[in-house]
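Each value in this text was obtained by applying a stated rule to the coordinates, not by laboratory testing. Predicted, not measured: the structure shown is a model, and the values here were computed from it. Here the Cβ positions follow ideal geometry from the backbone for every residue, glycine too, while neighbour counts run over all protein chains shown.
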Amino acid sequence: MTKYTFEHIHLLTPDPEATAAWYERVFGALLIRSAPDGKPRIDLKLGGMDIFVLPVDPKDAKVGGPPSTPHQGLDHFGLRIDDLDATMAELKSKGVEFTRGPITVRPGLRVAFLRAPEGVSIELLERK
């Protein structure tokens, strides 16, 4: 069977600078600027993930707005952390909006969800 490994996420936004700055400020994501083919580009590295932050024109009729959660398709991505309560307190002090939690899903697993720019939903998971 083919072995699959994670490669990247595309994050479309009308303001790549502000979106990338949010991930850098809130999560400490590594911001990487480049200009392949002369076109400026912003990439983020966060928890082993590559996130490509790409500009989109909000007036483009082919591009829908941010989804409301829950919705069909890819609903959220998750970040594993060690201490959910401490992490939530830290992120709340940075102005992060939590949409759900903390919730004990089952013994040894607690989660919370937060709202990132462009309506992106992110789950924080504490596994003991």
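Quick one: what are the phi-derived ³J(HN,Hα) couplings along region 100-107, Karplus 6.51/-1.76/1.60 with θ = phi - 60°, whole Hz, x for glycine and proline?
6, x, x, 10, 8, 6, 6, x
With springs only between Cα atoms under 10 Å apart, run a GNM on the chain and tell me which of Ile103, Ile42, Ile51 wobbles the most.
Judging by the Gaussian network model, the answer is Ile103.
Which aspartates and glutamates does Lys94 reach when only Cα atoms under 14 Å apart count, and residues fewer than 8 places away in its own chain are ignored?
Hits, sequence-local ones excluded: Glu24.
List the aspartates and glutamates whose Cα sits under 20 Å from the Cα of Lys62, skipping any in the same chain fewer than 8 residues away.
By straight Cα distance, Lys62 reaches Asp15, Glu118.
Cα to Cα, under 22 Å, and not fewer than 8 places away if on the same chain: which lysines meet these conditions relative to Lys59?
Lys39
For region 28-91, state which trypsin sites (Lys or Arg not before Pro) are in a DSSP loop and have at most 14 other beta carbons lying within 10 Å of their beta carbon.
Those that pass, being in a loop and sparsely packed, are Lys59, Lys62.
Any chance you could give the angle, 0 to 90 degrees and rounded to 10, that helix 16-27 forms with the longest Cα principal axis of the chain?
The angle comes out at about 20 degrees.
On a 0 to 90 degree scale, rounded to 10, what angle separates helix 84-93 from the longest Cα axis of the chain?
That works out to roughly 50 degrees.
Counting alpha carbon pairs within less than 8 Å and at least 6 residues apart, what relative contact order, in whole percent, applies to the chain?
About 21 percent, as a whole number.
Given the Cα atoms of region 9-72, and with Rh set as the inverse mean 1/r over their pairs in the Kirkwood sense, what is Rg to Rh to two decimals?
Here Rg/Rh amounts to 1.00.
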